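A single structure is presented below for examination.
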Amino acid sequence: MTGGHSIDLSKTPISSQQKGIVLVFSAYTNSTIHDYNFCTYFLPKEFVSLHPGCGVSIPLSVINHATLGHKYLYFSDKKITGNDKNNEKGTANGVTYDNKYWILREVIGI
């Protein structure tokens with residue numbers, strides 16, 4: 001999800017979930033979504049109510065850290081919005097990263 005992408009949660013806002021949401025990412029290469037290298041991230045609904053619209057850095061890695069990356073997403077009760085840095089790859093502070101290796105596949109209410 002880059003800055004121009006968002007997910008509408010108006011039918012099932014985060015506040016209506018019992019505990020929050022889980023974001024499910026997997027590998028994405030050559031415009032193909034893959035069923036491997038899954039990563040999940042839990043976001044408590046209390047965080048969203050305390051910090052509406054704020055960004056969250058989500059670290060992502062494959063086994064043995066062969067590929068590292070992160071996604072930066074903004075959360076409000078009824079919307080998730082991306083950031084243009086989610087599509088970058090390069091090296092910073094001696095760490096090679098590939099943020100575009102992962103794609104957000106699912107948002108699961110829990």
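The values are calculated or read from the model by the stated rules, or taken from the named source; none is laboratory data. Computed from a prediction, not measured in an experiment: that's the story for all the values here. Quick reminder, even Gly has a Cβ in these numbers, built from the backbone with ideal geometry, and neighbours come from all protein chains shown. Each accessible area value is taken on the protein alone, full model and side chains, heavy atoms only, with ligands, DNA and RNA left out. Shrake-Rupley method; radii C 1.70, N 1.55, O 1.52, S 1.80 Å.
Label points 7 Å out from Cα along the Cβ direction at Tyr72 and Thr91: separation in nm?
2.2 nm
Return the aspartates and glutamates within reach of Lys89: Cα separation strictly under 19 angstrom, same-chain partners fewer than 8 residues apart disregarded; answer none if there are no such residues.
Asp98
Lys78: which lysines have alpha carbons under 29 Å from its alpha carbon, excluding same-chain residues fewer than 8 sequence positions away?
Lys11, Lys19, Lys45, Lys100
What accessible area per residue, rounded to a whole number of Å², is obtained for the chain using a probe radius of 1.4 Å?
Working: 6560 Å² over 110 residues.
Ligands and nucleic acids excluded, the figure is 60 Å² per residue.
Express the carbon and sulfur contribution to the solvent-accessible surface of the chain as a percent, rounded to the nearest whole number, probe 1.4 angstrom. The partial results should precede the final answer.
On the way: 3390 of 6560 Å².
The computed percentage sits at 52.
Using a basic spin-label model with each label point 7 Å from the Cα along Cα→Cβ, how many nm lie between Ile63 and Thr40?
1.8 nm
A further question on this structure: Which of Gly4, Phe25, Asn64 sits closest to the plus end of the dipole of the chain, meaning its Cα is farthest towards the positive end, when Lys and Arg get +1 and Asp and Glu get -1 on the C-beta?
Gly4
Counting only Cα atoms, I'd like the Rg/Rh figure for the chain, Kirkwood definition for Rh.
Details: Rg = 14.0 Å, Rh = 14.4 Å.
When Rh is taken as the Kirkwood radius, the ratio is 0.97.
In debye, nearest 20: dipole of the chain around its Cα centre with unit charges on the Cβ of K, R (+) and D, E (-)? Display every interim value, and only then the final one.
Details: 10 positive and 8 negative charges, 28 e Å.
It comes to approximately 140 debye.
In the Gaussian network model of the chain, springs joining C-alpha atoms below 10 Å, which of Gly90, Gly69, Gly20 carries the largest mean-square fluctuation?
Highest fluctuation among the options: Gly90.
Now, a different point. Report the gain in length on full extension from Ile108 to Thr29: 0.36 nm times residue separation, minus Cα-Cα distance, nm rounded to one decimal.
Details: separation 79, 0.36 × 79 = 28.44 nm, distance 2.32 nm.
Length gained between Ile108 and Thr29: 26.1 nm.
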